[in-house]
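> Dumping the structure here so I can ask a few things about it.
The values are calculated or read from the model by the stated rules, or taken from the named source; none is laboratory data. Predicted, not measured: the structure shown is a model, and the values here were computed from it. Positions of Cβ are generated from backbone atoms using ideal geometry, with glycine treated the same way; all protein chains shown enter the neighbour counts.
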């Protein structure tokens, strides 16, 4: 900015950060070692209507992921209105979904998962019906036991 030049042995790119959500009640969203604990990159378990997008970092930029990911998230958020349980809860019960262990994202793996997710969305409706029915059955069973 001021025209100063120099010779340097090393340039350090400060990439450290601290992931926090000070605008949310403490404990609402779990963050472990700066990694947001959500399924599908945005969906916390047990919470409807809260979607945490943009906290992860693709290794070579999000350029090729933005449009397909935005389309997928839009479809999933619209689907949430048809479901009884939160999306994150449904994904948590899946054997294939795992919580992230890093804020870094492999863009090619993400592109494959995004393509696959479009085919899997209808299965979330079935999982939702089964899980909701099971929860209702367990609640009814608990209510009967309490009355006896």
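> Being in contact with a helix residue (DSSP H, G or I) (Cβ under 7 Å, 6 or more places away or on another chain), over 26 Å from residue 63 (Cβ atoms) and in contact (Cβ under 8 Å) with a residue 40 or more places away in the chain is the filter here, so list the residues in the stretch 87-130 that pass it.
90, 124, 128
> Here is a further query. Kindly indicate which of 42, 58 is free of Cβ contacts under 8 Å to residues at least 60 places away in the same chain, buried (at least 16 other Cβ atoms within 10 Å of the Cβ) and more than 24 Å from residue 79 (Cα to Cα).
Matching residue, one of 42, 58: 58.
> Please specify each residue of the stretch 59-100 satisfying the condition of being within 29 Å of residue 18 (Cβ to Cβ), part of a loop (DSSP other than H, G, I, E, B) and more than 12 Å from the chain's Cα centre (by Cα).
Once the filter is applied, which keeps residues that are within 29 Å of residue 18 (Cβ to Cβ), part of a loop (DSSP other than H, G, I, E, B) and more than 12 Å from the chain's Cα centre (by Cα), the stretch 59-100 yields 59, 60, 61, 62, 63, 64, 65.
> Is there a residue being assigned to a helix (DSSP H, G or I) and within 21 Å of residue 94 (Cβ to Cβ) anywhere in the stretch 44-58?
No, every residue in the stretch 44-58 fails to be assigned to a helix (DSSP H, G or I) and within 21 Å of residue 94 (Cβ to Cβ).
> On to the next question. Among 116, 99, which is the only one that is surrounded by 10 or more Cβ atoms within 10 Å (Cβ to Cβ), in contact with a strand residue (DSSP E or B) (Cβ under 8 Å, 6 or more places away or on another chain) and at pLDDT 90 or above?
Matching residue, one of 116, 99: 99.
> Please indicate, with yes or no, whether at least one residue in the stretch 122-140 is farther than 30 Å from residue 17 by Cα, surrounded by 10 or more Cβ atoms within 10 Å (Cβ to Cβ) and modelled with pLDDT under 85.
Yes, there is a match, as at least one residue in the stretch 122-140 is farther than 30 Å from residue 17 by Cα, surrounded by 10 or more Cβ atoms within 10 Å (Cβ to Cβ) and modelled with pLDDT under 85.
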